[in-house]
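A quick write-up on the structure given underneath.
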Amino acid sequence: MNALIKSATIVDSKSDFHNETVDILIEKGRIAKISKRISNPNNYKEIKLDNLHVSQGWFDSSVSFGEPGYEERETIENGLKTAAQSGFTDVVLNANSNPVIDSYADITFVKSKAQNKATSLYPIGALTQSSKGVDLAELFDMKSAGAVAFYDYQKPISNPNLLKIALQYASNFDGLVCSFPQESKISGLGVVNEHINSTRLGLKGNPALAEELQVARDLFLLEYTDGKLHIPTISTAKSVELIRAAKSKKLNVTCSVAIHNLALTDDTLDGFDTRFKVLPPLRTKADCDALIEGLKDGTIDMVTSDHNPIDIEDKKVEFDHAKYGTIGLESAFGALQTIFTTKKTISILTQGKTIFGIESSTINEGEIANLSLFNPEKRYTFSKNDIASRSKNSAFFGVELKGKSYGIIANNKIVLK
């Protein structure tokens, strides 16, 4: 793949051309030259776009596509196309398919479905067999097949001894164990954040305590085992405090937050719209502020879209019976830009790869072209026209966003909207 990017502003603090507006020549998938003006004698494809900015490829640590088993929600092929158009060059796929991805063969299958795509897919294997929380899955075999972590998506490990054994066992081969932060006996049948709005609307509450107890327990287990733990999608101020304290003790813990838990609060629930039924639930403004501060000071290691397509039959029902989840790839960049500067947004979207053992490259001559292309100033109201996913369950409909992706250049391929 050969291309010439014209008049692009580079946003990459590790690049020699950071904040410069330049031409970028790409030959055979590598950056051959970066200069103020580059001619095009070989008649390569030229990319000229309004207010074009280029950064290292964006990374999402938690996406769900459905396939195998839930292809009506999303296929791997269309999911990766959606990710590419949304600016993501690398995504980590959850194991919540049907059947659950819990074996060497399952990991091999999803990797084969993602071959020769612009966006690279890195599968997570289930931590327990069929994600039932009873017996450990084939962790080492899945790691050998290419699994980058082990996680029962949005299903807490209720048995502390099971998590203890998982941390000890996985440490033998540098495996990353993920534990969903929710104590189910406390959360009970709660469907939204337990607070003023849940009481006012008559919806069962899921208290912050349910998350915080689980985080505290898991951190104690981590300290005992000296393992490696990732806590996905935290949502409360106290969780940030607990993880901050654990990091000060040098425990090997990382965590993420979902973009909708940063940008939206439980005030959105007034219309009983099931697009806002997510797990963990949308919390309070104080929680959002604490999560944002946790990102700024490095307590929180990454954000995720937590992209989770749900078909209309499972969303257009009573709130109590609707499935949890929102799609988020298409709105991720624009939503983050409403909270952070462009420089911080790009930093957030490009960090976290090393936690999952994924390599990254800078925007310098000789490097592999792994690039996200975007306009950071484009303002628009998010609508169904902005969605490439099969499912349309977005929590950001009607929200004014800032910044839009043009696409990516990665894996020797170009994908532009």
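Structural remarks
- Shape index of the range 341-417: Rg/Rh, with Rg the Cα radius of gyration and Rh the Kirkwood radius from the inverse mean 1/r over Cα pairs, equals 1.01.
- For the chain, DSSP calls about 50 percent of its internal beta bridges antiparallel.
- Accessible-area ranking of Thr268, Thr225, largest first, probe 1.4 Å: Thr268, Thr225
- Once all protein chains are placed together, Val253 keeps about 10 Å² accessible to a 1.4 angstrom probe.
- Surrounding net charge for His53, when Lys and Arg each add one and Asp and Glu each subtract one, Cβ distance under 12 Å: -1
- Dipole of the range 296-364, positive direction: furthest Cα of Thr304, Gln337, Ile355, with charges on the beta-carbon: Gln337
- Using C-alpha pairs below 8 Å separated by at least 6 residues, the relative contact order for the chain is 20 percent.
- Quotient of Cα Rg and 2.2 N^0.38 Å for the range 77-140, N being how many residues it contains: 1.19
- Cα→Cβ-extended label distance, 7 Å offset, between Thr108 and Glu313, nm: 3.3 nm
- Of all accessible heavy-atom area on the range 117-173, the percent that carbon and sulfur account for (1.4 Å): 46 percent
- Alpha-carbon gyration tensor eigenvalues x 5, square-rooted, for the chain, Å: 34, 24, 21
- Summing charges over all other residues whose Cβ lies under 13 Å from the Cβ of Asp102, with Lys and Arg as +1 and Asp and Glu as -1, gives -2.
- Ratio Rg/Rh, restricted to the range 376-417 and using Cα atoms, in which Rh is the Kirkwood radius: 1.04
- In Hz, Karplus ³J(HN,Hα) per residue of the range 149-157 (6.51, -1.76, 1.60; θ = phi - 60°; x = Gly, Pro): 6, 10, 7, 8, 3, 6, 10, x, 8
- This model, with +1 at the C-beta of Lys and Arg and -1 at the C-beta of Asp and Glu, gives the chain a dipole about its Cα centre of some 900 debye.
- Computed E for Asn2/Asn51 - FRET, C-beta separation, R0 35 angstrom, nearest 0.05: 0.90
- Among Asn172, Ile157, Leu203 - extreme Cα towards positive end, dipole of the range 154-229, charges at beta-carbon: Leu203
- Cα-based Kirkwood hydrodynamic radius, the range 93-200, one decimal, Å: 14.9 Å
- Per residue, the solvent-accessible area of the chain (1.4 Å probe, heavy atoms of protein chains only, all protein chains present) comes to 40 Å².
- Converting phi to 3J(HN,Hα) with the Karplus coefficients 6.51, -1.76 and 1.60 and the offset θ = phi - 60°, the range 373-381 yields 10, 7, 10, x, 9, 5, 9, 6, 9 Hz in sequence order, with x at every glycine or proline.
The values are calculated or read from the model by the stated rules, or taken from the named source; none is laboratory data. The shown structure was predicted, so the numbers you read here are calculated from the model rather than taken from an experiment. All Cβ positions, even for glycine, are placed from backbone atoms using ideal geometry, and neighbour counts span all protein chains on display. In case anyone asks, the SASA skips ligands and DNA or RNA and just uses the protein heavy atoms, side chains included. Shrake-Rupley method; radii C 1.70, N 1.55, O 1.52, S 1.80 Å.
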